[in-house]
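Input: a single structure, listed below in structure tokens.
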Amino acid sequence: MSDPSNLQSRLRRLASNYQWTWHPRTEQFLRELPNSGPATHPITAIEAMTPEEVDALGGDEKFLVELEELLQHLDSIPDPVSPLVAYCSPEFGISTLLPIYSGGLGVLAGDHLKASSEQNLPLIGLGLLYSEGVFRQEIEEGRQTEKHHPVVPAAIGAIDTGVRVEVPFPGRAVFVRVWSLEVGSVRLLLLNTDVESNSPEDRTITDRLYEGDARHRLDQEMILGVGGARALAAMGLEIPIHHLNEGHAGFLALELLDRHISVAGFEGALEMTRQSLVFTTHTPVPAGIDRFHRDLIGPYLDIWTERWGIPSDDLWSLGADSEDSHRFNMATFCLNVSGAANGVSRLHGEVSRQMFDGVGIGSRISHVTNGVHARTWTSPKAQTVFDEALGPKWSEGDLEAWDRVDAITDSQLLGLRRAGALHLADLVKASSGHKLDPDALVLGFARRFAPYKRATLLFQHLETLGELLDDDSRPIHIVFSGKAHPADEPGKALVAEVAGFAMSGESRDRFTFLPDYNMDVARTLVQGCDVWLNNPIRPREASGTSGEKAALNGALNCSILDGWWAEMYDGRNGWAVPASLHTDPAERDREESSELLGLIGSMAEEYHEGRSIFLGRIRHAWRTLGPAVTAARMIRDYTDQVYRPALDRRASS
């Protein structure tokens with residue numbers, strides 16, 4: 001019989017490294033522990049085990065053998081090396097059970113860490129540990145409501161590093177505790193202000209992600225940027241390249257400037273800082289950029305200009321908004337203090353160069369198209385099929401591997417598609433009571449309910465939508481999910497409209513809204529849908545990655561030619577919604593809605609009456625998209641196009 005305390009310790013080690021989120025065998029093993037379940041963190045399940053349960057596992061030879069094999073697999077991950085890149089982001093989507101992410105920006109950041117681990121990129125993550133995490137969405141009387149739950153660091157595998165740093169604020173210093181998580185071979189440092197020596201107000205700076213007023217957002221960004229740079233230094237890490245994932249961590253530049261200014265002066269320090277910073281913008285519209293009024297941010301910036309003995313306008317000019325001189329624009333600031341910048345798709349790079357032409361390095365913005373972490377988002381059944389038919393390098397975006405898709409038989413293809421549909425049907429039944437026919441054409445739509453993403457575009461022609469939902473000869477089922485920001489009333493109105501339609505008789509029980517969209521719901525959707533819908537107002541979708549996740553699982557995309565789809569659609573690997581030429585928004589929406597509904601009718605006919613054509617389209621989509629949509633490809637692009645050139649610039653300076 002195994003020593004109980006040692007057994008639990010070994011289980012904790014397995015559960016504390018989030019490598020289990022992309023290793024199906026480990027995830028399944030942890031899910032089968034006593035007290036475990038989809039909504040329970042494995043660490044919580046381990047801590048809740050009774051002595052009798054521990055004794056029973058300790059006497060189970062098969063269990064102990066598998067535990068040892070999984071620990072050996074974990075130990076085979078290369079040890080972290082001194083990082084060359086610090087990846088700084090306000091959110092990281094690594095698991096639903098780690099509530100430090102809100103949406104696409106965070107999921108991208110989580111995939112960046114996971115792919116960096118697999119690609120052996122020496123990188124460290126830097127973010128915030130939110131004491132109340134992100135909200136859980138509930139639908140009450142047809143409207144979105146938000147619920148929060150406290151986050152206990154030990155219960156999510158966070159280790160207190162013992163490091164404390166101070167961040168200067170107007171009239172005081174705010175103390176920051178530094179926590180650490182393991183994501184494969186990558187460390188993720190998380191900062192939190194819930195420290196006894198802080199005032200009650202300052203202890204709540206890192207309470208919730210993206211909630212609160214402008215001051216709260218500013219305070220969080222100061223902690224992330226300045227506190228993050230100081231945390232890295234306090235841990236003895238000399239990082240040559242800092243990667244700012246959006247402008248939220250831009251104040252990291254203040255600390256870098258501070259390290260050089262006494263020797264090089266302001267302009268010299270600025271040039272040295274640019275050698276260390278690269279910036280990724282995700283924002284194709286000015287309204288999406290953080291801009292702080294001078295009355296608010298001025299006292300924060302004055303701390304630094306007074307310390308440096310320079311005019312306040314010298315620092316202000318780096319972030320002065322071109323449209324409102326009284327506001328400090330974080331994208332402008334990042335473009336002025338960074339040595340390189342990129343958008344997240346080819347089209348977004350073009351849009352960004354137009355948006356920021358004349359701002360810092362705005363005219364030199366390149367692009368690295370987003371990708372998704374293949375082993376996280378592809379179903380276990382599909383992974384098994386791919387490993388056998390394509391070889392293990394499919395998840396790395398290997399061209400030769402994906403060129404072998406014809407080795408996947410019709411039976412295998414249909415089997416993995418049906419398995420995904422059945423899993424989705426269980427979720428649909430549990431969430432709404434609707435019965436999803438796995439033989440129907442299943443269409444999915446899931447994302448943040450921002451108005452520009454047009455979640456209600458299908459409702460522009462309700463009679464046509466009703467006819468499609470009513471067709472028993474070519475049945476379809478449409479599944480929607482998504483959240484709106486708590487302060488976004490137009491977005492919440494969209495949620496109410498979609499949820500209301502789903503609960504009405506008009507839905508024919510073939511249109512379902514799944515509440516509380518998260519990574520687990522997303523995985524079930526992208527693995528269970530036959531077609532993935534995306535209909536933003538072009539060109540406002542910087543990249544969008546949910547369709548890439550669906551593509552890996554064999555779903556076909558039907559999308560406006562925006563974001564990543566604009567560069568990867570080839571006429572056969574999915575469908576493109578024709579863009580309207582109308583300048584009037586209402587007429588544009590009506591016309592594009594009509595086009596989208598027409599495409600749905602055509603694909604339903606092909607799905608039900610031309611199955612061999614549909615399967616051929618899936619294989620072609622795998623062959624053309626599989627190598628392009630993986631985060632492994634994205635990391636190689638960042639390494640070749642962004643990180644290595646930045647290191648070369650530093651070496652030659």
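Inspect the stretch 346-360 for any residue being out of contact with any strand residue (DSSP E or B) (no Cβ under 9 Å at 6 or more places or on another chain), assigned to a loop (DSSP other than H, G, I, E, B) and under 30 Å from GLN28 (Cα atoms) and give the result as yes or no.
Residues of the stretch 346-360 out of contact with any strand residue (DSSP E or B) (no Cβ under 9 Å at 6 or more places or on another chain): 354-355, 357-358.
Add one more test, that the residue is assigned to a loop (DSSP other than H, G, I, E, B), and what stays is 357-358.
When the remaining residues are screened for being under 30 Å from GLN28 (Cα atoms), the result is none.
No, the stretch 346-360 contains no residue that is out of contact with any strand residue (DSSP E or B) (no Cβ under 9 Å at 6 or more places or on another chain), assigned to a loop (DSSP other than H, G, I, E, B) and under 30 Å from GLN28 (Cα atoms).
When the residues of the stretch 437-457 are narrowed to those that are farther than 16 Å from PRO536 by Cβ and of a type in the set (D, E, K, R), which ends up least open to solvent (accessible area, probe 1.4 Å)?
Here is the first cut: in the stretch 437-457, the residues farther than 16 Å from PRO536 by Cβ are 437-443.
Retained after the next criterion (residues that are of a type in the set (D, E, K, R)): 437, 439.
Numbers: ASP437: 66, ASP439: 83 Å².
Once the filter is applied, the top-ranked residue is ASP437.
Grab the helices (runs of 4 or more DSSP H) fully contained in the stretch 22-133, keeping just those with 2 or more residues being farther than 28 Å from SER9 by Cβ. Step through it out loud before you land on a result.
Details: elements: 24-31, 42-47, 51-58, 61-75, 104-118.
Once the helices (runs of 4 or more DSSP H) in the stretch 22-133 are filtered for at least 2 residues that are farther than 28 Å from SER9 by Cβ, what remains is 104-118.
Among the residues of the stretch 315-342, write down those that are under 26 Å from the mean Cα position of the chain (by Cα), open to solvent by less than 10 Å² (accessible area, probe 1.4 Å) and hydrophobic (A, V, I, L, M, F, W, C).
MET330, ALA331, PHE333, CYS334, LEU335, VAL337, ALA341
Determine if the stretch 7-20 includes at least one residue that is assigned to a helix (DSSP H, G or I), of a type in the set (D, E, K, R) and touching a Gly at 6+ places or on another chain (Cβ under 9 Å). Step through it out loud before you land on a result.
Initial filter on the stretch 7-20 (assigned to a helix (DSSP H, G or I)): 7-16, 18-20.
Then drop every residue that is not of a type in the set (D, E, K, R), which leaves 10, 12-13.
Subsequent filtering for residues that are touching a Gly at 6+ places or on another chain (Cβ under 9 Å) retains 12.
Yes, that holds for at least one residue.
Taking strands (runs of 3 or more DSSP E) that do not extend beyond the stretch 169-281, which have at least 1 residues that are without any contact (Cβ under 8 Å) to a residue 24 or more places away in the chain and over 26 Å from LEU105 (Cα atoms)?
Strands (runs of 3 or more DSSP E) meeting the threshold: 172-183.
If we keep just the residues of the stretch 368-388 that are open to solvent by 10 Å² or more (accessible area, probe 1.4 Å) and free of Cβ contacts under 8 Å to residues at least 60 places away in the same chain, which is farthest from ARG404 (Cα to Cα)?
Among them, the one singled out is LYS381.
Considering only the stretch 344-369, state which residues are among the aliphatic types (A, V, I, L, M) and within 16 Å of VAL278 (Cα to Cα).
From the stretch 344-369, those among the aliphatic types (A, V, I, L, M) are 344, 347, 351, 355, 359, 361, 365, 368; that's our starting set.
Residues satisfying the conditions are VAL344, VAL359, ILE361, ILE365, VAL368.
Counting just the residues of the stretch 475-490 that are crowded, with 21+ Cβ neighbours inside 10 Å and not hydrophobic (A, V, I, L, M, F, W, C), which one comes out farthest from ASP437 (Cα to Cα)?
First, pick out the residues of the stretch 475-490 that are crowded, with 21+ Cβ neighbours inside 10 Å: 476-484.
Cutting the leftovers down to not hydrophobic (A, V, I, L, M, F, W, C) gives us 477, 481-483.
Details: HIS477: 8, SER481: 18, GLY482: 22, LYS483: 25 Å.
Ranking the qualifying residues of the stretch 475-490, first place goes to LYS483.
Would you be able to say whether some residue in the stretch 180-189 is within 30 Å of GLN119 (Cβ to Cβ), more than 20 Å from the chain's Cα centre (by Cα) and at pLDDT 95 or above?
The first filter runs over the stretch 180-189 and keeps only residues within 30 Å of GLN119 (Cβ to Cβ), leaving 180-189.
Cutting the leftovers down to more than 20 Å from the chain's Cα centre (by Cα) gives us none.
The answer is no; no qualifying residue exists.
List pairs: first residue in the stretch 604-622 and closer than 15 Å to ASP439 by Cβ, second residue polar (S, T, N, Q) and open to solvent by 20 Å² or more (accessible area, probe 1.4 Å) anywhere in the structure, Cβ distance under 8 angstrom, at least six positions apart or on different chains.
Close Cβ pairs (under 8 Å, with a partner that is polar (S, T, N, Q) and open to solvent by 20 Å² or more (accessible area, probe 1.4 Å)) amount to HIS608/SER473.
Can we say ASP530 is in contact (Cβ under 8 Å) with a residue 12 or more places away in the chain, surrounded by fewer than 22 Cβ atoms within 10 Å (Cβ to Cβ) and within 23 Å of LEU416 (Cβ to Cβ)?
Numbers: in contact (Cβ under 8 Å) with a residue 12 or more places away in the chain: yes; surrounded by fewer than 22 Cβ atoms within 10 Å (Cβ to Cβ): no; within 23 Å of LEU416 (Cβ to Cβ): yes.
No: the conditions fail for ASP530.
Would you please name the residue that is surrounded by the fewest Cβ atoms within 10 Å (Cβ to Cβ), looking only at residues in the stretch 221-240 that are farther than 24 Å from ALA542 by Cα and touching a Phe, Trp or Tyr at 6+ places or on another chain (Cβ under 7 Å)?
Only one residue fits best here, namely MET222.
Whether any residue in the stretch 432-447 is modelled with pLDDT under 95 and either assigned to a loop (DSSP other than H, G, I, E, B) or more than 20 Å from ILE618 (Cα to Cα) (or both) is what I want to check.
Taking the stretch 432-447 first, the residues modelled with pLDDT under 95 are 447.
Filter once more, so that each one left must be either assigned to a loop (DSSP other than H, G, I, E, B) or more than 20 Å from ILE618 (Cα to Cα) (or both): 447.
The answer is yes, given that some residue of the stretch 432-447 is modelled with pLDDT under 95 and either assigned to a loop (DSSP other than H, G, I, E, B) or more than 20 Å from ILE618 (Cα to Cα) (or both).
Return the residue satisfying two criteria in turn: it lies in the stretch 1-26 and is under 21 Å from the mean Cα position of the chain (by Cα) and not aromatic (Phe, Trp, Tyr), and of such residues it is surrounded by the fewest Cβ atoms within 10 Å (Cβ to Cβ).
Let us first name the residues in the stretch 1-26 that are under 21 Å from the mean Cα position of the chain (by Cα), namely 16-24.
From what's left, not aromatic (Phe, Trp, Tyr): 16-17, 19, 21, 23-24.
Values: SER16: 20, ASN17: 19, GLN19: 23, THR21: 22, HIS23: 20, PRO24: 16.
My answer is PRO24.
Anything in the stretch 286-303 that is within 23 Å of the chain's Cα centre (by Cα) and within 16 Å of GLY250 (Cα to Cα)? List them, or say none. Break it down stepwise before answering.
Here is the first cut: in the stretch 286-303, the ones within 23 Å of the chain's Cα centre (by Cα) are 286-291.
Correct list: GLY288, ILE289, ASP290, ARG291.
Taking the stretch 275-314 as the search range and keeping residues that are farther than 30 Å from PRO539 by Cβ and either among the acidic types (Asp, Glu) or at pLDDT below 95 (or both), which one is surrounded by the fewest Cβ atoms within 10 Å (Cβ to Cβ)?
ASP295
The values are calculated or read from the model by the stated rules, or taken from the named source; none is laboratory data. Everything quoted here is computed from the prediction, not taken from an experiment. Glycine gets a Cβ as well: all are built from the backbone with ideal geometry, and neighbour counts include every protein chain shown. Surface areas here come from the heavy atoms of the whole protein model, side chains and all, with no ligands, DNA or RNA. Shrake-Rupley method; radii C 1.70, N 1.55, O 1.52, S 1.80 Å.
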